Structure formats: structure tokens, C-alpha cells
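Structure, as C-alpha cells:
The values are calculated or read from the model by the stated rules, or taken from the named source; none is laboratory data. This structure is a prediction, so every number in the text was calculated from the model and none was measured. Quick reminder, even Gly has a Cβ in these numbers, built from the backbone with ideal geometry, and neighbours come from all protein chains shown.
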């Protein structure tokens, strides 16, 4: 393990926006439990699609889209608050 200093653009809670040394743009720190939940949500959508349950898959995908949208909004808000350019 290597210890490094990182720039913290938000509070250190879930979905912290940080920039690691040597990186041009900040990233979002996703906690392991949150990463697992996102992966499980995607797997559920895939299973629902495979089973032909399009409406349930659409609803699950919509919820996932909302969750990811909130993370993206937190990211863009943090960059805007620090007058940082966006990578997109």
C-alpha cells in the first residue's frame, strides 16, 4: 500500500470527489458497499431483460439512472464550486 496526498473537493463522506496525484481531473470515490450495490442493480436489470420482463427492467434501470445522475450532479457541482473544468 502506498500513502499519497489527494485533493478533496467535497466532504469525505460517500461519493467524495477527489483528485489523486498525477491526474488531471478529479474522480468520485465509490465505497466498496456502494460499488457492490451498483453491480447488483445492473445484474438485476440484465436478468430481467433476459427473462423478458421489460417493464420491471425499465423501472430498475430508471432507479439506477437516478442514482448515477445524483452522483454525477455531486461531481459537477464540486468541480463548478472550485472552478475546475469538466472532463466531458
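Determine, yes or no, whether residue 64 is without any contact (Cβ under 8 Å) to a residue 60 or more places away in the chain, out of contact with any helix residue (DSSP H, G or I) (no Cβ under 7 Å at 6 or more places or on another chain) and surrounded by 14 or more Cβ atoms within 10 Å (Cβ to Cβ).
So residue 64 fails the test.
What number of residues within the stretch 9-48 satisfy the criterion of being surrounded by 16 or more Cβ atoms within 10 Å (Cβ to Cβ), under 12 Å from the mean Cα position of the chain (by Cα) and at pLDDT 95 or above?
Of the residues in that region, 4 qualify.
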